[in-house]
Amino acid sequence: MVIPDAKSGIPMSFSVAMPDSALFPPNGHFPWKRLLKKLGTNTNGARINALLDSMRASSPTRRPAEGEDHGSWILHHPSALNMFEEIMSASKGKQIVVFLDYDGTLSPIVEDPDRAFITNEMREAVRDVSKFFPTAIVSGRCRAKVHDFVKLSELYYAGSHGMDIKGPSKGHRQKKGNQTVLCQPAREFLPIIDEVYRALIEKVKHIPGAKVENNRFCLSVHYRCVDEKKWVELADEVKLVIKDYPQLRLNHGRKVFEIRPTIKWDKGNAVEFLLESLGYADSNDVLPVYIGDDRTDEDAFRVLRQRGRGLGILVSKVPKETNASYSLQEPTEASYALPKAFSGVEEAKKMSLLRH
Ligand SMILES: [Mg+2]
C-alpha cells in the first residue's frame, strides 16, 4: 500500500502488522514497577559522575547551571517509580503502547557505540512487556544495528530517528530480515547519505577517536572518545562537508553530531505513524508510553503532550528542559544491580490474566 505523506508529499509504502490481541490483556495489573526499576533508580544519592560532567557541554537541552535546582525539577518531573499508582490510574481501560529509545535508555552510554550492549536482564524485561503491549524501539541508529543489539523479533523497530520502520516478524519462527517494511519516508536520500558518509570518513580520519556511523537514512559523528581540545576542529570539519548538501541538516545530540535529511520526519512522526498503524490515530483508548534520554526523544515527548494523552519519561540524572512528564535516572547501574529479571510471562499471568 502506498500513500503520500501529507506533510512531505513523499510516497510511503507500508503494510500494517497488527499485534495478536490475545497477547494484550486488560491493563492495570502489569508489573510496570519492576520494569521501571530496571530503567532507573530512585533519586536519592544522585551524583553527577565524570561522564555526565563531560556531557554538559554537549547536551543542548540541559538547563544552564544558574537555573539548576534538582529538587524543583523532580517536583515537576517526578520519578516514574514513585508515580506508579498515578501511571496505573492513567492506563486504566486503555491499550498501552510502549516506545523505547535504545542508547542511554535500554543500554548505557559507552565510549564505543558499537559496544552499547543491552543486558540480558533488560532484554528479558522488554520481551515481557512486548508480550502484553505493542512495543517499539525508536532509535537514531540503523534499524538493523538496533535489532542486532536487542535481538527481539516481536518488536517494532524504528531506526534512523524513525525514518526506517518495520513491524515485528511473526514470532521467532520467521527468519530475521523477513519483516514487512512499514515506512521509509527518506528513501530518496540514500545516495546522498552514502556520499556524505564517505566524505565524512575522509575528513575526520585525522582526529583521534572520531567515529562516523552510517545509520542508513542518517549519519552520526560520535565524539565520545575525542579529546575536548579537538571538538571545535571536528565540528568545523563536519560543517564543511554538510554545507554542500542543503538537502541535509546537522543536529547535535549527546556527544554526537547527527546528519539527516531535511524532511520533517522525526521520532515524533514515528510515534504518530505507529499509533496510526495500530489503529489508534484519534483514539482515546490508548496510552502511549515513551521512555527516552536524549534531545531527539523530545520530538516524541512533544507529540504525546500535544495529543493530551500519553506518558513521556525522560531518563536523566540531571535537570533538563523537557516535554516529558516523568523521569528516571540513568539505567545502567540499576539494571546491573537488580538481582533478577522479570520472572516472565508466568508471573504476569499470575498478576493479571488469571484475574480475568
Ligand atoms: Mg538515547
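Taken together, the values in this text are just the output of simple stated rules run on the coordinates, not laboratory data. The shown structure was predicted, so the numbers you read here are calculated from the model rather than taken from an experiment. Cβ coordinates were reconstructed from backbone atoms using ideal geometry, including for glycine residues, and neighbour counts include every protein chain displayed.
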**Request:** With a/c under 1.5 counting as rounded, go ahead and sort segment 101-241 into rounded, prolate or oblate using the C-alpha gyration tensor (a ≥ b ≥ c being the square roots of the eigenvalues; past the cut-off, prolate if a/b is larger than b/c, else oblate).
**Result:** oblate
**Cut-off under 5 Å, modelled amide H: who pairs with residue 136 long-range** = 98, 99, 100, 156
**Fill in**
Quick calc, residue 188 & residue 92: beta-carbon distance into FRET formula, R0 45 Å, rounding 0.05, result 0.55
**Fill in**
Counting sequence-distant residues (5 or more places) and residues on other chains, those with an amide H built under 5 Å from that of residue 315 are 292, 293, 328
**Prompt:** Can you give the direction-averaged projected area of the convex hull of the alpha-carbon atoms in segment 250-294, in nm²?
**Reply:** 4.1 nm²
**Message:** I'd like to compare 137-148, 312-323, 272-283: which one has the highest average count of other Cβ atoms within 10 Å, and what's the full order after that?
**Reply:** 137-148, 312-323, 272-283
**Asked** Between residue 110 and residue 243, how many nm apart are label points set 7 Å from Cα along the C-beta direction?
**Response** 3.8 nm
**Item:** Pair residue 201, residue 235: separation of 7 Å Cα→Cβ label points (nm)
**Value:** 2.7 nm
**Message:** What distance in nm separates the two pseudo spin-label positions at residue 144 and residue 309, each 7 Å out from Cα along the beta-carbon direction?
**Reply:** 3.8 nm
